[in-house]
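> Below you'll find the structure I mean.
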Amino acid sequence: MKKKINVGIVNYGMGNIRSIENSLLHLGCKFKVLNNPDKIFSFSHLILPGVGSFKKAIQNLKLNGFYEALQECAHVKGINLLGICLGMQLLCESSTEGGFTKGLSIIKNKVESFTKKEAGNKKIPHVGFNQVKIEKNNLLFKNIKDNSDFYFDHSFKVQQDKELKNFQTCEYGVKFVASFEKNNIFGTQFHPEKSQSNGLTLMYNFLSN
């Protein structure tokens, strides 16, 4: 990477920080874990991880001052932002997890659970490696082959929305949004930091933007 990359990992108490740190160290990238938003606008790239409940995550983002700061980073400052797993879902308009909860509304999509009817004989949550259908050429999946495997661990999924043009899909009984990119905003339902070489390539591509 020729240009200066300075990554902030948003720590609101519900992310798998260590795995992301290890991925960034492997890529030789400078980063800092952010426990508050005081200097959030000074970073070239931000990563919003997440594991657990949507409702609790939104509460934590608001409590720690990240909620409005992330919205400003996305819409005003134009900082590159990657949401991972729950972090991707938090970028959406709302989720039904634990009752209706409004998200960051950075993208218009909604988050809903897998139903038993959709999953068929498959177990919920969706855990393990699964293939991602790469619908078109895009930044995140540069040099990654179509139907490559990535690691998933989730019970809720991001619904497709007509305003979201550039997204990839995965199938687990039903198709769902596995990844998207919209201007400076990116999301992966899977964990790139747990997806071996494919995940490292994707992280590199994000940081190269």
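The values are calculated or read from the model by the stated rules, or taken from the named source; none is laboratory data. This one's a predicted model, so the numbers in the text were calculated from it and none came from an experiment. Methodologically, a virtual Cβ is constructed for each residue, glycine included, from the backbone with ideal geometry; neighbour enumeration extends over all protein chains shown. Keep in mind that these areas ignore ligands, DNA and RNA; they rest on the heavy atoms of the full protein, side chains included. Shrake-Rupley method; radii C 1.70, N 1.55, O 1.52, S 1.80 Å.
> Go ahead and run the numbers for FRET between L25 and K175, Cβ-Cβ distance against an R0 of 45 Å, rounding to 0.05.
It comes out at approximately 0.85.
> OK, next. Note down the nm distance, to one decimal, between modelled labels 7 Å out along Cα→Cβ at K39 and at Q160.
Rounded to a tenth, the inter-label distance reads 4.3 nm.
> For the chain, with all protein chains present and a 1.4 Å probe, just round the carbon and sulfur fraction of the accessible area to a whole percent.
Numbers: 4600 of 9910 Å².
Heavy-atom surface of the chain belonging to carbon and sulfur, 1.4 Å probe: 46 percent.
> Using θ = phi - 60° and the Karplus curve 6.51 cos²θ - 1.76 cosθ + 1.60, what whole-Hz ³J(HN,Hα) does each residue of the stretch 113-119 get, with Gly and Pro shown as x?
Working through the residues one at a time gives 7, 5, 9, 4, 5, 5, 6 Hz.
> Which helices of the chain meet both criteria: a Cα extent of 27 Å or more along the helical axis and a mean Kyte-Doolittle score no lower than 0.5, with helices taken as whole DSSP H segments?
Numbers: long enough: none.
Going by DSSP H runs, there are no hits.
> Please report the spacing between the Cα centers of the stretch 11-73 and the stretch 95-119 in Å, no decimals.
Cα centres, the stretch 11-73 to the stretch 95-119: 21 Å.
> Please give the per residue accessible area of the stretch 150-209, computed with a probe of 1.4 Å over protein heavy atoms only, in Å².
On the way: 2240 Å² over 60 residues.
Roughly 37 Å² per residue, with all protein chains present.
> If you count only protein heavy atoms with a 1.4 Å probe, what accessible area per residue comes out for the stretch 57-132, rounded to a whole Å²?
Values: 3550 Å² over 76 residues.
With all protein chains present, the stretch 57-132 gives 47 Å² per residue.
> Given the rule -39500 (n - 2.57) for each run of at least 4 DSSP H residues, summed and divided by the residues of the chain, what is its mean residue ellipticity at 222 nm, to the nearest 500 deg cm²/dmol? Numbers along the way, then the final one.
Values: 6 runs with 48 residues, N = 209.
So the calculated ellipticity at 222 nm is -6000 deg cm²/dmol.
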